[in-house]
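Okay, so here's the structure we're looking at.
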Amino acid sequence: MIPEAVATIAVKFGGAVLGAALALTFQPPKTISGALRRLGLSIPSGMIFHPQLAEWLQWPRNWDNDFAAIVLTSAISWWIFGAIVRVLEVWKGPKG
């Protein structure tokens, strides 16, 4: 039997990876290093910040809604981190 804490972490990690994969499908980065950086940020973001999103959306707390909030938080954070990178690139100006 799997302890409940391990199962909870596995569900959170799986949902965050699924959200990042969904975001990768719709908004692929230009480089592999960019994808790895955004994966490294969006997976923990999905695992950590999903309760705030679920509360903001006024979803009742259950496994289905928590999993959906994890996936959505991970996908949204992928988009946000990509937008931040694009803003910083414009702010730095052209290379060369």
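The values are calculated or read from the model by the stated rules, or taken from the named source; none is laboratory data. Quick caveat: nothing in here was measured; it's all calculated off a predicted structure. Neighbour counts are summed over all protein chains in view; Cβ atoms, including those assigned to glycine, are modelled from backbone coordinates with ideal geometry. We work out accessible area using only protein heavy atoms, side chains counted, and drop any ligands, DNA or RNA first. Shrake-Rupley method; radii C 1.70, N 1.55, O 1.52, S 1.80 Å.
Observations on the structure shown:
- Restricting Gly34, Gly14, Gly19 to residues that are over 17 Å from Ala83 (Cβ atoms) and of a type in the set (Gly, Ala, Ser) narrows the list to Gly14.
- For the range 27-71, the set of residues classified as aromatic (Phe, Trp, Tyr) and either open to solvent by less than 70 Å² (accessible area, probe 1.4 Å) or touching a residue at least 24 places away in the same chain (Cβ under 8 Å) (or both) consists of Phe49, Trp63, Phe67, listed by residue number.
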